[in-house]
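Presented below is the structure to which this report refers.
Read the figures in this text as sums done on the coordinates, not as results from a lab. These figures come from a predicted structure and were not determined experimentally. In this analysis, Cβ positions are derived from the backbone assuming ideal geometry, glycine residues included, and neighbour counts consider all displayed protein chains.
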Amino acid sequence: MNRIFAIVRKDLAQILRNRFVAVISVMVIVIFAVIYYILPSDVDEVFKMGFYLDIGQEAAAEFGLEGGEDEIASRLSEAGGAETEEGLELVWAESTEDLKRLVEEEEVSAGVSFVISDQEPELVLYVSSKTPEEVTEAGEAIGSEIGYALIGYELPADFQATVIGQDMAGQQIPMRDRLRVILLAFVFLLELFSLGNLLMEEVQRKTALALLVTPVTLTDFISAKAITGILNTFLLGLLTALLLGALSTSTWLAILVLLFLGAAMMVGIAFIVGAMSRDFISMSIIAMIPFVVLVIPGFLVIYPGFDSPILKAIPTYWLLDPLNGILNYGMGLSDYIMSLAYIVLFTAAFFVLGFVILRRRLA
């Protein structure tokens, strides 16, 4: 045990002596914190709908719309209730061209042109080419409801919706809180390079072989590197969590557990990267491959519709999913027992694979 801690002290001293790595690591964390606090802390849940109505006098009299904008607002309020007034904002356009401009300049989420003449009423929905599909679908539904409300026909569907699953209305997650999970993951992933470089240097400089000539065994050597890596990664993750406000009285224990398991998993991957590398350039190239793959589940946090069964094959999915649930949705660690089990299994597999590769390199 004393031999292991002696190697740990040496490695920690080596990390601290490398001022470039130390400064860059702290600087990245500080920059992440600045980005987090710059981003808005709330979400605007009001759906802005551009609206243009072209109606003749006879049609206005027929459908009871002589009151103009006030009458239309009253109709929509009666159809949708109080929640419609809070969640839907109509932006009036003076013409079809003005309506298109509002949509193109993204001043509204979608635009509805409603022309009522002696012929059949014409309802047209305008959306931008950059408009997400879910916004387009919402615009279609709202536009259809507006049409039914104004011409006086019985509504085919209520504005109220039965939500299957968790209803996020009124509890949307601000982008900065979603990004907080990604930033924590990035700090872990960046350690692939520093820890992989540390192990690669030990092998290339023959330091590892020199240690193995002494009573230090390969198990002692790997255990010491694992302790050093986990301690370094965990402390950097903890510093990031503190700066990003991820630790509270209700989440601190769960976050500490996930930080520790995440640090252990990154160290296991870093072992494989370092053992396979011949120099700094090869280490950077090799480390970039898992870096790119492991960051993919982060898109699920920002874009929940990105979910796919394939993502569950990526180890970081089982780390980011509980982090997101606990930090943003009030879930508990007990809700993610399966995720913890998967993290442990992945970590064990990475360490075994790294041990095998390193033993062959040192043979």
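What the table below lists for this structure:
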read-out	value
J(HN,Hα) series, segment 188-203, from Karplus relation 6.51 cos²θ - 1.76 cosθ + 1.60, nearest Hz, glycine and proline x	4, 5, 5, 5, 4, 6, 5, 6, x, 5, 4, 5, 4, 5, 4, 6
Inter-label distance for residue 337 and residue 313, nm, one decimal - labels placed 7 Å from Cα along Cα-to-Cβ	2.8 nm
Highest to lowest packing among 294-302, 193-201, 254-262, scored as the average C-beta count within 10 Å	193-201, 254-262, 294-302
Residue-span extension gain [residue 280 to residue 35] - 0.36 nm each, minus C-alpha spacing	85.2 nm
Per-peptide average of other Cβ atoms within 10 Å, ordering 174-186, 264-276, 324-336 highest first	264-276, 174-186, 324-336
Spin-label pair residue 352/residue 235, simplified geometry with 7 Å Cα→Cβ offset, distance in nm	3.2 nm
Full-extension gain in nm, residue 96 to residue 26, via 0.36 nm per residue minus C-alpha separation	19.8 nm
